[in-house]
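Since the structure comes first, as structure tokens, the remarks are kept for the end.
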Amino acid sequence: RRFAEFAEAHQSFPNGVNDVNVAALFVVLARSNRLCSSRGAADRVGGDQESSDREYESDEESENVAFARAVVADLLVRLNTLTPNTTARVCANVLHALGQLEARDWWISVKRHKRGVRREGEDVSKNFAEIFEDAVKSVARRAALTASAMNAQELANAYNGISRLDAFVASSVSHTGWVSLSEALVTQSSMQNQKREKSNFAALAAVLALNALASDKLATAASATSQSAFDALISVAAGAKQWDDTEARAVEKLSEQGLANVLNACAKLEKARLAVERLETLAPRDEDEREGDEALREKKTKSKENGWRLFTSRVASLAPRFGDQGLSVALHALTLCGDDARASVDDRGWRAFAEATERLAPTASPQAAAMLLNAAWKLRAEPSARGFHFAPSALDALGRRMAEILIEDDENRRNAQKRTFLLDEQATFVAADALGKLPAARAGFAAVAADLKKTTAKRRATKDAWFLLAERLANRVIEDGTSSSSDSDRKQTERCPTSGGGPAASFHVLARVPELASALITKRAWRDVGVALCVLAPSLDAEDCARVLNGYAKLRRNALVTESTPTRTLKAYARRVAALAASEDVEAMHVATLADALKKLSVARGEFDALAARSLAKRKTVEHARNPWDDLASIISMSAVELEPLQVTNVVSALGWLEPLASALARVDGGWRRVLASARRRADSIKRGANESVAASAPDFSEPPEARKWLEKTSAGFELVRGHAGYLTYGDEHDRERLVALETEFRDELARIA
């Protein structure tokens, strides 16, 4: 009935509605909370689209959706006809309204319906998606052409609408179009600075535009947007009124979600980050020239922090207003924005973040809970995040919440209520990774799992939360391996490195967290994981190979895993590492992990030996046959100067246990000298059991062991090296004297701390 009233209003114009009327009708659709489809159950958030479509197609109520589609299609066709001559304001309003409609359940049902739309007087049925795409692309392109006529809010609405719509809309705008929109932002900012009445660049407009440009869909737009435009947006946002300013309009204030959106844009976009750091100008050049380098560096650092402080100083007052989404986005952004941003947050700000987390953790959404866990361990590892601290009770609550989400997901799926997870693939990995690094959160997660076992003992058992998480990680690996195996035309060189959340990273978390590894108790599960990893091996980079081999090294004493994993998997990774070493495609931060894994995994080491034997046989006929031990030794020699203390310890230990590697290092000119020089340089840190750089100090493949373990491992490695048959060929006499001196120094330190 309500849609009928809307249709009557639309059809009441005898000569057809003009562009202003079309825009107004779409705005009404976007703003109305009363318009809805008659199938409420199918359209609820999280509802199954496939079952929704079936319901609409199978009963008479589908007429409501068909009617909605016909009305909206008429509007879209009319819009497409009028677009070539429409005004800038109409374009902005339509894009903003359509962007808002993207989040509306009834609109999605109407837009995605597969049937065509037959218009009066036409002989053929048109696909609704095609009608929609044609109209929206036309409006987006027209918006870019008329950008110079838009005011600041209209520009923000255009950006925001395009970012919410499907990716094809942003793609339809040319580079020149994005440049025009960018220039219009600069013009509006200039008018604002000159205090012209025509311009009213409010903080809300700046935040909307920044948030849109940070969208993945608008990556091309962000690239085409000038630094001056970002300077303008950040400047307006930084000058926003305080939220408790009773005399200011809402659009002039920076809300808690607005703050989160600005920080998120800075985390994703280098130009936005630079704009913040440019907010405070440096001293004039002649004054700079009179100051020393150290004083100038200190001034620049202080200037950057002051720029960030224009935003982070608001945290204490806004944090009590945060919802879980805004809080998680803000904290996640601070993990990415750099040291100056983190250093600008004062103790009150960090305390406010912590209190907000404790307040919201018990009911946090799946994505927010995962992001908060991720931010917790990353910020804890950052020296620049002075004052950051989450109470154990907050971490415990986040761990409990994550377990509850997994259990709810499982129950919903078993009851056929939902076909999709509340916790997506990336969030699952992030949560599992964080649980392995946050003991208090892991304890909360385990407490829910333990309570569940007690309460379900006398009724149908619910799966253990640890198993649910482990199963998802394992399935992530298996599914990726299966899809790669089934694609017979895939090109290995086209595969991108799989960073956070990829199959290698998922497997590593599964192997690294004892509770997760223990939760998978069937040989089939581990065999399937091993088979999938074997398929993936030829396409992975050094980082992912290090993850997989390090994971298997951690599981080498798990009989179930070792019995279930095909030997061909470890052999495949040995071959892949050999190929990467031959092409010098292994970074310093990974070579130590790879060498350490080869030391611990006899099957992988055996494959390296077999490759080396074949290379020796080939040398009779092939002049430059590759020996993988030589290639790996060459990488170690080149990387020695970059090795962190723990990496030095792992390399020395590997050289002690892997005599072929030690012998190969002797064949590299200056190889042993470089490794010993690195050990000498890192000796004090090894004695303390501490890495030196921020990157190495952050939890990576494992938590660093205590100093005693480092000393024992390093000194034992040197001792084993001295027992090698070819020891007298390792460097020159002075090199061997340095080796003995280092071993003695580490042994003496062990005795001192005993």
Any idea how far apart Asn306 and Ala103 come out in nm if each label point goes 7 Å out from Cα toward Cβ? 3.7
May I ask you to give the percent of accessible area on the range 374-450 that is carbon plus sulfur, with a probe radius of 1.4 Å? 51
What's the percent breakdown of Cα-Cα distances in the range 162-266 across 5 Å bins, shortest bin first? 2, 13, 22, 22, 19, 13, 6, 2, 0
Quote the FRET efficiency, to the nearest 0.05, computed for Arg568 versus Leu274 with a Förster distance R0 of 51 Å and r equal to the Cβ-Cβ distance. 0.55
Loop GluC sites (Glu not before Pro), the range 137-218 (other Cβ atoms within 10 Å of the site Cβ: 15 or fewer; DSSP): Glu197
Skipping prolines and chain starts, which residues have an amide H placed within reach, meaning under 5 Å, of the one on Asn127, given they are 5 or more residues away or on another chain? Val117
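When the chain is fully extended, how far beyond the present Cα-Cα distance does Glu183 get from Asn412, taking 0.36 nm per residue of separation? Don't skip to the answer; put the middle values down first.
Values: separation 229, 0.36 × 229 = 82.44 nm, distance 4.98 nm.
Separation in residues times 0.36 nm, less the Cα-Cα distance, equals 77.5 nm.
Taking the range 303-401, which trypsin sites (Lys or Arg not before Pro) meet the DSSP loop condition and have no more than 13 other C-beta atoms within 10 Å?
Here the sparse-neighbourhood loop sites are Arg386.
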What length, rounded to one decimal in nm, is gained on full extension from Arg31 through to Glu479, with 0.36 nm per residue of separation minus their alpha-carbon distance? 157.1 nm
Rounded to the nearest whole Å², what accessible area per residue is found for the range 540-601 with the 1.4 Å probe? 36
How far is it, in nm, from the label point at Lys618 to the one at Ala248 when both lie 7 Å from their Cα along the line to the Cβ? 6.8
Sparse-neighbourhood loop hits (GluC sites (Glu not before Pro), the range 499-596; DSSP loop; Cβ within 10 Å at most 11 others) -> Glu584
Label point distance in nm, Thr522-Thr176, each placed 7 Å from Cα along Cα→Cβ: 6.1
Let's test the formula: R0 of 25 Å, r as the Cβ-Cβ distance of Glu737 and Arg667. What FRET efficiency results, to the nearest 0.05? 0.75
Distance between the C-alpha centers of the range 537-594 and the range 632-666? Whole Å please. 17
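The values are calculated or read from the model by the stated rules, or taken from the named source; none is laboratory data. On a predicted model such as this, the values are computed, not experimentally measured, just so you know. FYI the Cβ positions are ideal-geometry reconstructions off the backbone, even for glycines, and counts take in every protein chain you see. The protein model used for the area step is the full one, side chains on, heavy atoms only, and it has no ligands, DNA or RNA in it. Shrake-Rupley method; radii C 1.70, N 1.55, O 1.52, S 1.80 Å.
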